[in-house]
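**Q** My questions will all concern the structure given below.
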Amino acid sequence: MTVAQRSAGEITMGPRRERYLLDSERLLGPALMAPAVVYLVLVVGYPLVLAFLYAFSDVTTGSQSLHFVGFQTFIAAVEDPVFLTTLRNTFVFTAISQALVVILSTILGFVLTASFRGRWFVRFLVLLPWTTPVALSAVIWLWMLDSIFSPFDWFAQLLHIVPPGGHIIFLGQSDLAMGSVIALQTWRILPLATVILMAGLSAIPAEVSDAAEVDGAGFWRRLFGITLPLLSPVMTVALLFGIVFTFTDMAAVFVLTGGGPGNATQVLASWAFYKGINGGNLAVGAADALIMFPVLLGLAAILLRIASRAEVS
Amino acid sequence: MAAAQPRTIRGRVAIYLLAIGFAVFSGFPFLWAALTMVRQDSDLYVTTHNPFVLAKPPTLGHITDLLRNTPYLQFILNNIVIGLATVAITLGLSLPAAYALARLSGRWGEKVGIAIFLTYLVPPTLLFLPLSRLITVIGLQDSIWSLVVVYPGFSIPRDIEEQAQVDGYSRLGAVVRTVFPLALPGIFTVVVFTFTLTMQDFIYALAFVSSSSSMTVSVGVPTVLIRGDVFYWQSLMASAIIVAIPVALLYNVFLGRFIRGFTLGAVKG
């Protein structure tokens, strides 16, 4: 075979092989995605449709027959006097805990990527709240905030915040109870956010900051002028995931206060649970939970916009 | 991971003070739990002395009680089985899908990707009622396999996103031998995430399982150790610590690798 013949053969081979690959890719893509999609449709899609059906019906745990009643269930859910309190609590709980998480995790990210003695141990302690199942860590908090045997009482007595022998009723007063639930949520979300922030920090080349330092920029100047702006996309993603997670979560409230005192710490998720399961009113429970949906869709839209912007740049 | 080195004395002092502050914030509940765990009953409900001093000699009785007289070890075993099976299903379904999403998809793929991502935002509080019906229909109620069926629904969406980013970043073509090692930190992240998720859940575990031989730690421990108004505090504290410490040690060892998995996604973003 001459050189010319061989190269001519390759020229005709090239495009044909590519076309063949493209053809098979058209089949391969859907074939690879189908199992995951089918699974999600069965385990998330189908139950979600059922949940919508519940919300527009008058179904209870007693009778499983569906009776469609239009928006009546939603109206009943919203007109419940507790509903507005619950909605306000959900926003307060989410906003304060996630604001704290984003500030603390950024600082902690800086601390844990710096080198110091005992860093390994500090990292271990910071990871602990993440590796404990929330049902158990919330029980630790329940004991730590006990109305009589809390160790904080001893500190408070020492500092004369309460009289000798006095107690702080953490979970029995509205504001303190909300503060406790927010503290627990901040404490348990902090490790994950910190790990995300550490990843973001380690992706920023040290040379950028070093060059600025050579040019005479001080620590705060470098922090606010260079590092934080570079870190902001990662911070936003960590924040949005934290918000989505906290907004729909009921574990902290459920174990620590049960929504009390009164309904001072009741959030939408726990309210839906109490109504739907303990109250046996599936329809109202589903409607209460569905009211979270518009907020979640809004958050999803923001996340997707950030993701697509990052892809373009 | 390049560790930044604070250069001034003031910087170093600040790092140490902040590190101590965060260590106390994260660790204090566990210190309190550890102190409670070894207290004798007569030393537990005392308000008169310094709570950080044991008035009676420490006892391991409540820990041995937990291990011998409750199904605690069975709960842990259930958690491990559920976690491993869920990780296997999640990887089996999400790796091919993520690959397809990153390398093969056109416009339709992007839409499917968004749809998959949106399922991540559907809260468990909304789904567990209809799901419990589904579980009954397929005859898995009161079995740990009911949880294995349900959990991937929550790990797959996030993991596909994660993997798609990693694979997209690598841009090395369809050669599994080269993509795989590059994607490995990402896969590792997925495994950690999925396992943590199965360990953390308690809504589904509460709704689907009612016999103690199938319970997970999250549901089983409170069921066994909280009887109405009676809390077995020392054993409760021990149950949390026994799970938390080994897992945290393990995570800490692999933290660097875990962060690399994230970074692959983050670099692109």
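**Q** Other chains near B:189-196: what is the mean number of their Cβ atoms within 10 Å of each residue's Cβ? Don't jump to the answer; show the numbers that get you there.
**A** Numbers: counts 2, 0, 0, 1, 1, 0, 0, 4.
For peptide B:189-196, the averaged partner shielding equals 1.
**Q** While we're looking at this one, here's another question. Would you order B:V46, A:V214, A:V234 from fewest to most other beta-carbon atoms within 10 Å of each residue's own beta-carbon?
**A** By the 10 Å Cβ count, ascending, the order reads A:V214, B:V46, A:V234.
**Q** Based on other C-beta atoms within 10 Å, arrange A:D146, A:D215 from fewest to most.
**A** Listing A:D146, A:D215 from fewest to most nearby Cβ atoms yields A:D215, A:D146.
**Q** Report, as an integer, the average count of C-beta atoms from other chains found within 10 Å of each Cβ along A:140-149. Present the calculation step by step, with values, prior to reporting the outcome.
**A** Details: counts 12, 3, 4, 10, 7, 1, 3, 0, 2, 7.
What the average comes to for A:140-149 is 5.
**Q** Calculate log10 I(q)/I(0) of region B:180-241 for q = 0.16, 0.21 Å⁻¹, where I(q) comes from the Debye formula with a single equal point scatterer on each Cα and nothing for solvent.
**A** Relative scattering, expressed as log10 I(q)/I(0), comes to -0.64, -0.87.
**Q** Give me D for region B:1-59 in µm² s⁻¹, whole number, from Stokes-Einstein with Rh from the Kirkwood sum over alpha-carbon pairs, 10 °C and 1.306 mPa s.
**A** 110 µm²/s
**Q** Right, here's the next one. Can you check what the net charge comes to around A:P129, using other residues whose Cβ is under 13 Å from the Cβ of A:P129 (Lys, Arg +1; Asp, Glu -1)?
**A** Counting the neighbours of A:P129, the net charge comes to +2.
**Q** For peptide B:110-122, how many partner chain Cβ atoms fall within 10 Å of a residue's Cβ, on average?
**A** The mean count of partner-chain Cβ atoms within 10 Å per residue comes to 5.
**Q** Ratio of region A:108-202's C-alpha Rg to 2.2 N^0.38 Å, to two decimals?
**A** The value comes to 1.33.
**Q** Sticking with this structure for a sec: Kirkwood hydrodynamic radius (Cα pairs, Å) of chain A?
**A** Hydrodynamic radius (Kirkwood, Cα pairs) of chain A is 24.0 Å.
**Q** Hey, in the GNM for chain A with a 10 angstrom Cα cutoff, which one of A:S105, A:S180, A:S232 fluctuates hardest?
**A** Largest GNM mean-square fluctuation: A:S232.
**Q** So what's the projected area for region A:140-249, the Cα convex hull averaged over all directions, in nm²?
**A** Seen from a random direction, the Cα hull of region A:140-249 projects 10.1 nm² on average.
**Q** Rounded to the nearest 20 Debye, what is the dipole magnitude of chain A about its Cα centre when Lys and Arg each give +1 and Asp and Glu each give -1 at the C-beta? It would help to have the intermediate numbers written out before the result.
**A** Details: 15 positive and 17 negative charges, 139 e Å.
The dipole of chain A has a size of about 660 debye.
**Q** Tell me the mean residue ellipticity at 222 nm calculated for chain A from its helices only (DSSP H runs of n ≥ 4, each -39500 (n - 2.57), averaged over every residue, nearest 500).
**A** -23500 deg cm²/dmol, from helical runs alone.
**Q** Now for a different question. What is the fewest-to-most order of B:S42, A:S174, A:S150, B:S146 by other Cβ atoms lying within 10 Å of their Cβ?
**A** On the way: B:S42 9, A:S174 14, A:S150 21, B:S146 25.
Fewest-to-most ranking of B:S42, A:S174, A:S150, B:S146: B:S42, A:S174, A:S150, B:S146.
**Q** Go through B:F30, B:I135, B:A98 and say which Cα lies farthest out towards the positive end of the charge dipole of region B:5-148; charges sit on Cβ, +1 for Lys and Arg, -1 for Asp and Glu.
**A** B:A98
**Q** Which loop chymotrypsin sites (Phe, Trp or Tyr not before Pro) in region A:26-102, with loop taken from DSSP, have no more than 12 other Cβ atoms within 10 angstrom of their Cβ?
**A** Filter output for region A:26-102: A:F71.
**Q** Turning to a different aspect of this structure: So what's the projected area for region B:29-141, the Cα convex hull averaged over all directions, in nm²?
**A** 12.7 nm²
**Q** A follow-up question, please. Put one equal scatterer on each alpha carbon of region A:211-313, apply the Debye formula with no solvent term, and list log10 I(q)/I(0) at q = 0.10, 0.14 1/Å to two decimals.
**A** -0.49, -0.72
Only the coordinates and a few stated rules stand behind these numbers; no lab work does. Being a predicted model, the structure only gives us computed values, none of them experimental. Reconstructed Cβ throughout: ideal geometry from the backbone, glycine too, with neighbour counts over all protein chains shown.
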